[in-house]
Structures are given as C-alpha cells and as structure tokens.
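Heads up, the thing below is written out as structure tokens.
No value in this document is a laboratory result; all are computed from the given coordinates. Since the structure is predicted, the reported quantities are computational estimates derived from the model, not experimental observations. With ideal geometry, Cβ positions are generated from the backbone for all residues, glycine too; neighbour counts draw on all protein chains shown.
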Amino acid sequence: MLQVHDSAARWRSFFEETCANEISTLAASWPRQIAFTQDFAQIQSWDVPFAELILNHPRATIRNADTVLATLCRESGYEANPRIRITGLPPDALHKLREISSEEVETFTTSEVIVTKVSELKPRIYNAIFTCTTCGNTIEISQPNELELIEPLECPETGGCGRRRAGGQTRFDLRWEDSVMIDNQWIEVQELPENVKPGSQPVRLSVLAEAELAGKHVPGERIRINGIPYVRTLKRGGAKTPMFDIYISLHSSERKNIPLEEIEITPSEIEEIEKVADRDDLVELFVRSIAPSIIVGEEKMNWIKKSLVLQLLGGVARKFDDGTRTRGDIHILLLGDPGVAKSQILSFMGRISPRGRFTTGGGTSAAGLTAAAVRDAFNDGRFSLEAGALVLADLGLCAVDEFDKMTPDDRGAMHEAMEQQRININKGGISATMPTRCAVLAAANPRDGRFKDVDWGDPSTYLHKQIDLPPPLISRFDMVWMIQDSVDKGRDRRIGEHIIRVKRKGVPEHLIESGHSVEPDALLKDQIFTTDVDGNDVLTADFLQKYVAHAKRTYHPTSDDKVMTILVDHYTEKRQKMDDDVNSVSLTARSIEATLRMAEARARLYLREYVTEDDAKQAIAMDGIWRHLANDSNINSDHTGVPKRAQSAERTIMAIVRNLCRELDGECTTPEVYNVGLEQGFDEETIDRVLNNMRNRGDLYSPRIGLWRLN
Ligand code: ADP
Ligand code: MG
C-alpha cells in the first residue's frame, strides 16, 4: 500500500510527467508568484491511490510536495520555494462547517463559507535558524505550530558541541535575519446563510491563512475553502484541559463567479419561469405574492408592493471606462407610524430575496450595518475587520428595520455604502474595501413614536421634521413612502377582517412542534403556486426566489433613444414646473437615474433584454406617485421639506456643516460641503459666501483654508 513517506517520490514523478514546463516557468517568476495551482482531478486521473493518500494525509503529503517543488526549481537553476495549492477537491471531501468534527481532523476538507471577519496580517517564523551561543553552530527548525516557537533542545554532537539547553549548559539565539518569515492571518468564516435552518445560529470557525493566502480575502466574500481541520487544546486559567477547539489550516481557496450561484434552477424550472413571465397579469400576480398576509385593498399599499417588486429585480449596475460605476439596486425607505406592517414587510422581503437579510439598525453585532474594525477575543484583543449586514447581503437585499436607530459609525459610512456600494475601512493596521452591492429596504418610525398632526403654521410638525434622519441620507433612497395610520372606518374593517382571516389560515406552532402538523412552508417546497386568503393564486416564496435569481443573472436590459426621450422629457418638465412654482419642490438629477433603474427592473420582470416605452412610462408613474404621496405628507422630493426659494441658505448650509462634522470626526472640507449642498440646490458661489459669512460671525472656525469646524 502507498505510504505517506512514498509521497515525495510520487510527487516527483507526477510533476515530471505532467507539468515540468509549468514548474520551470514558475521557478523563474518566484517570489512574484508563490502559488503553484494544481487541480485535484488531474492527480486523481494520474493515480487514484495517490490522490486518496493526499485526502487522508494532507499535511505530510503537501509538505512533501513543497519540498519536491523546491528541489525541482533548484535543479533547473533557481532558488525558489513555491507552494502547491490543490483545488477542486471531490464531492466526498465537501462538508458543512457544522459537520466538521474529530472525524475530519487532519484530513483534506472543503467547505462553502462566507468570510465574516479578518485579522490584521502578522509575520510568523516558518523556518527558524538558531545559533548555539557556546560553539556558534547553526540549527534549523521548521515551525509548524503557530502558537508556540519550537527551540532546539540540544546542540548536535556532529558539527556542534553536544551541549543541552536543560541545566543551562548552553543557550540558543534565534537569528531573525536568516529565518524564513511568512504572513499569517486569522479569518473567521461562517456557514452560508441559505444552508442554515431558520432560527438556528450559523456555525463559525477560525481559519489560519498563510503566505499569499493571507490578505487575499475580505469580509463578505463567499468562497470555497480547502483546508485541514486541526485541534488545539483549550486552556483554562493557564492549564491545559482535555477539551479541544477545532480550527482550519487553509490550503487553498476558490471563488465561484456565477452571481447568486447558490440558487440552483433546473431547465424545467426555467420553462416554468418563462410561462409565468408570459402571463397578462404578471405585475398583479407579483404584487399579490409580496407579503400576501398584508392587505393590498388600499391604493397606497398596492403601490408600495409594486415598488418592492421592482426592488427585488433591480436595475442594471454598470461600469465605465473611467473606472466609475453606477448602481442598479433600488433603495426604498418606509417611514411610518407603528403598527402599519412595516416590520412584517421587511421580514418578508429579507426572507424571499436571494441573499436577503433582515436586521435592525440598532444592530446585534459590533460590525452593525456596514463594517467595523473591532478588538475582541477572535484576534487576542487586537484589531480585526468584521463585516456588517450590508456586506453580508452583497448582491442581495438588506432589510433594515429601525433605520433611524443606527450607530453614528454606520450613519457616517452609510452614504458611501448605499451610493458607491462599497465600504473602505482603514484602521488598526487593516485596510480593506468591501462591496455592499445590495438593495436597501429601510423602515423608520417618527421621532416621537407616532406622527403628530401637521400644523401648517409650525414647520417643526412637518412630517419630514418628525423623522430622525439627515436629509442627505434620505436622498440616497430612490423612493420614500410615508405611511400614516389614519382612522378610516371602511379601511379599518377591511384590514381587521383580513388579519383575522390570515390568522385562521395559520397552523398552530404547538401542533407543528409536537409533530401533529407539518411546517406550512415545507408543503410549498418545489410548488409554484399557492392561494391567498381571498382564494387568488400567488407565487410561493421558493418560486419567487428562483424567478428573481434567474431574471437578475440572465437579463441586463438596455434602453434606446425612445426610452431616453420619455425619461428626460419627464425630468425636464418637472424641473421646469419646479422653477415656475415657488412653492413647488426641487428635484435633482438623481431622480433620472432612479426612473431608469425602475424601468430596467420592470423589463427584467418581463424577462426582456431591452426596456420598452411602456416600462419607461410605468417608471415615471411610480416616481410621480411616491413623490405625490410624499408631498401630500409634506415631505418634498429633495427631502428638505421647505420650498426651495423660501429656504434660508444659511440655515441649511449650517445644518449641512453640522451634520458633516458629526459624521466626520468633528471637521469637514469645503468640497464635502459642496457635495451635499449641490444636491440641495445651492451653487458653489452661494456655499462659499455663506461659509465665509459664518466664519466672520464666529459660527464656524477654519483651522486652515478649506477645512471647517463648529465653534
Ligand atoms: P410596524 O413595524 O410598522 O410597527 P408591524 O409590522 O409590527 O408594524 O405590524 C403590526 C401587525 O399589524 C402585524 O401583525 C401586521 O400583520 C398587522 N398589520 C398592520 N397593517 C396591516 C395591513 N395593512 N394588512 C394586514 N396586516 C396588517
Ligand atoms: Mg416595526
């Protein structure tokens, strides 16, 4: 039988027979390129028992592979230490994190995970060189253990003096400059959310990445890790215990590049999707299928659900040759009284969207909504970088309840996270950029819990003033819906009856847990339709998710001149009106992007590669409706609430500076004020004039040109 100590010879034959050329190329490009990638299937087809040996004894066989690689490099005239990186492990090596136990320890294991945290990089000695202080002899010891430095016990008889460390006969000095160091990084990984049963906590594990793998991944990435689970003794109060912790030593990592690859759709399911897309009542069917337990009898709720359908599908994100990018995701904000089903809608959307997440602004983790550099036990109290909800929902949808309760850090990072759809963190020796390419569906309550009646003579009662969110942040949303809980006998009765009928249809949880009934959504698995309480057909959550994933990854609608004309005409007309009417609201160029996204989303819903004139018209209608409803509620489209001309430039610009200073550690620059100010309709000249006036009056203090602080 093939033994571990035979593996060096096997590797040599394998390399010589299958990839001699690649190895000499690699030798020449070392150390620029460290990794030598090898597909497992190729080893398997070369020699099955050898491939088995690698799976069962990865640590020793891989070490041998690296040694053989170094020898081959030397033989072709190069001093190089490349590392083999085996990828494409077979399905029987695939395990969920929660399945990794003592059985898998020290075997080659692969897992699908999401990266949640990374530590800073730290150099570690890989090969230590010691000198005996008595005779000057050199001793080399390789260091496989990241927790403990292995020192020589004695100086060898041959070539050295034979003295021992014990009893103080001699000492050994570590020669840093000659020892080989490599980078080390701890990575925390978590099971993929879709593999976790609802209600249970995802399992997390710490992974040790070395050399070129350290620093390769950022939080939020979904990867397949190939590695070797190993154990370390758990220490309690400095003493070793018989308990162990499992870690994974990372050998290689792979990334799949199909977006939303976790949702598998069969060809017959695609046929079903296309059949549904052909229905005349497609939009109504989708609207009915969004949170069916929430009544749509009311016109506004109907529009809200329609907007949520568009949000699920989203517009097309595009990149340009100047390196910029525009987002395709549609952000929606629900502002409203308590008890109007905001949380219910959010939790539904978080559940059915591919890569959906539901979280609250107050947050449950230190990383909050965006990301944070945290100090905790994961990295021995040093900094590590942790992904927040938006990062983990990359390419999906993040539903954020209690959006107004988010932390000051999140408030500061949110603008970038929503518009540029990435987060930069630079703190504690870690710097990374993480993507947040998700649609944000946020909900917030009025500041005092409930909207107070609007008194037209008192601007502080205007609805937007009752919301605890800064205007620049609100302006990141494509649509803002105001939901007031007003008394209306007919509607109250309809909602009341609907709620009771929904409840009657539910299955008591006790019966499910005692095994007398089945989980109602389990019955719907692989079904396309179900019925709502009114007996209408609606799509199941399972099918909705597949539909959306298929549409999002297959269709990237483009628009022609006709579509452009419709959207631009609408925009310019609105701007014109705004200019004529002193009391009207201002509207920025952002709105044209928003309508294009909505039109693209609608084209996607119909599984089309192009935007039609109808899509454009419907998008305009949607844009008009939310603005109209928002205006009725006295929140204008610029979210500043006061008609443009009537606004006091000074007050508004002062407010902008105050917000910026709060978000940006107490000071802000003139261009930052421009950025926000321009959006609110002020030109640079006005902003300069106001800033200078305020400095002269002592409201602001400028430590140097272009930098502002509050006095
Ligand atoms: P919010 O988050 O806005 O405070 P919730 O989502 O917690 O409100 O809703 C409170 C309850 O009222 C939920 O059980 C919800 O189903 C019910 N409800 C409120 N409005 C409606 C409606 N229009 N149709 C059906 N149920 C509703
Ligand atoms: Mg709520």
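Normalising the average separation of contacting C-alpha pairs (under 8 angstrom, six or more residues apart) by the number of residues puts the relative contact order of the stretch 284-404 at 20 percent.
What does the helix-only formula give at 222 nm for the chain: each DSSP H stretch with n ≥ 4 adding -39500 (n - 2.57), the total divided by the residues, and the result rounded to the nearest 500 deg cm²/dmol?
Numbers: 22 runs with 256 residues, N = 711.
Helix-only estimate at 222 nm: -11000 deg cm²/dmol.
Computed over the Cα atoms of the chain, the ratio of the radius of gyration to the Kirkwood radius (Rg/Rh) comes to 1.04.
Amide H contacts for SER517 (H built 1.01 Å from N in the peptide plane; partners 5 or more residues away or on another chain; cut-off under 5 Å): ILE512. Run a plain Debye calculation on the stretch 97-255 (Cα atoms as equal point scatterers, no solvent) and give log10 I(q)/I(0) at q = 0.19 Å⁻¹, rounded to two decimals, same order as the q list. For the stretch 97-255 at q = 0.19 Å⁻¹, log10 I(q)/I(0) is -1.15. So which of LYS275/LYS505; LYS117/LYS427; LYS197/LYS525 end up more than 19 Å apart by C-alpha? Cα-Cα > 19 Å for LYS275/LYS505; rest within. Of all lysines in the structure, the ones whose alpha carbon falls short of 21 Å from that of LYS452, not counting any fewer than 8 places away in one chain, are LYS300, LYS342, LYS405, LYS465, LYS489. Positive contributions from Lys and Arg (+1) and negative ones from Asp and Glu (-1), summed over other residues with Cβ under 12 Å from the Cβ of THR133, come out at +3.
Before anything else, pin down the relative contact order of the stretch 4-87: Cα pairs under 8 Å, at least 6 apart, normalised by residue count, whole percent.
Relative contact order of the stretch 4-87: 45 percent.
When the Cα convex hull of the stretch 4-87 is projected onto planes of every orientation, the mean area is 4.8 nm².
Rounded to the nearest 20 debye, the dipole magnitude of the chain is 1560 debye, with +1 charges on Lys and Arg beta carbons, -1 on Asp and Glu beta carbons, and the Cα centre as origin.
Between VAL231 and ASP47, the C-beta separation translates, for a Förster distance of 30 Å, into a calculated FRET efficiency of about 0.50.
Cross-link reach is defined here as a Cα-Cα straight distance under 13 Å, omitting same-chain residues fewer than 8 places apart; for LYS305 the aspartates and glutamates meeting it are GLU284.
Hey, can you rank 381-387, 305-311 by average C-beta count inside 10 Å, highest first?
On the way: 381-387: 21.0, 305-311: 23.6.
Taking the mean over residues of other Cβ atoms within 10 Å, the ranking is 305-311, 381-387.
Pairs from the list LYS122/LYS216; LYS306/LYS574; LYS122/LYS240; LYS306/LYS552; LYS96/LYS256 with a Cα-Cα gap above 20 Å: LYS306/LYS574; LYS122/LYS240.
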